[in-house]
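The values are calculated or read from the model by the stated rules, or taken from the named source; none is laboratory data. All figures in this text were calculated on a predicted structure; none of them were measured in a lab. Here the Cβ positions follow ideal geometry from the backbone for every residue, glycine too, while neighbour counts run over all protein chains shown.
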Amino acid sequence: MERLLTKKELANRWQVSEKAIDNWRKDGTVTPCKGIPSIRFSLQHIAELEGVKLEKFSPMERKRLERENEELKIKLEKSQSIINRMQMLTLEATSR
C-alpha cells in the first residue's frame with residue numbers, strides 16, 4: 001500500500017507552515033489524494049514534485065519492456081519496408 005503524508009508531515013518535510021501547504025493546495029501546486037475522508041498526499045506525487053522520479057517498474061520489468069520495445073521497432077521497420085516494396089510494385093504494375 002502506498003505511503004500517504006498528512007498535511008503536517010508534508011509541512012515538516014518541506015520545512016514550511018501548514019498554511020503554506022493549504023495555499024499550494026488551493027492554487028493546484030500540490031494535489032491531495034481523492035476518495036479518502038482526510039487530507040493526505042501521495043508520497044509518489046510529492047517525490048515527483050520534488051524532482052525525484054520514482055520508478056514504476058522493477059529493473060526486470062523495465063528490461064523486459066525495453067527488449068519488447070526494441071523488438072517492436074524492428075517489426076515496424078520490416079513492415080514499413082514491405083509496404084514500400086508493395087507500393088513500388090503497384091506503381092510499376094499500373095504504369096505499364
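Just a few scattered comments:
- Within the stretch 31-55, if we keep just the residues that are over 30 Å from L65 (Cβ atoms) and surrounded by 13 or more Cβ atoms within 10 Å (Cβ to Cβ), the residue that is farthest from the chain's Cα centre (by Cα) turns out to be I39.
- Of all positions in the stretch 41-54, none carries a residue that is modelled with pLDDT of 95 or more and not hydrophobic (A, V, I, L, M, F, W, C).
- In the stretch 1-19, the residues that are polar (S, T, N, Q) and touching a residue at least 24 places away in the same chain (Cβ under 8 Å): T6
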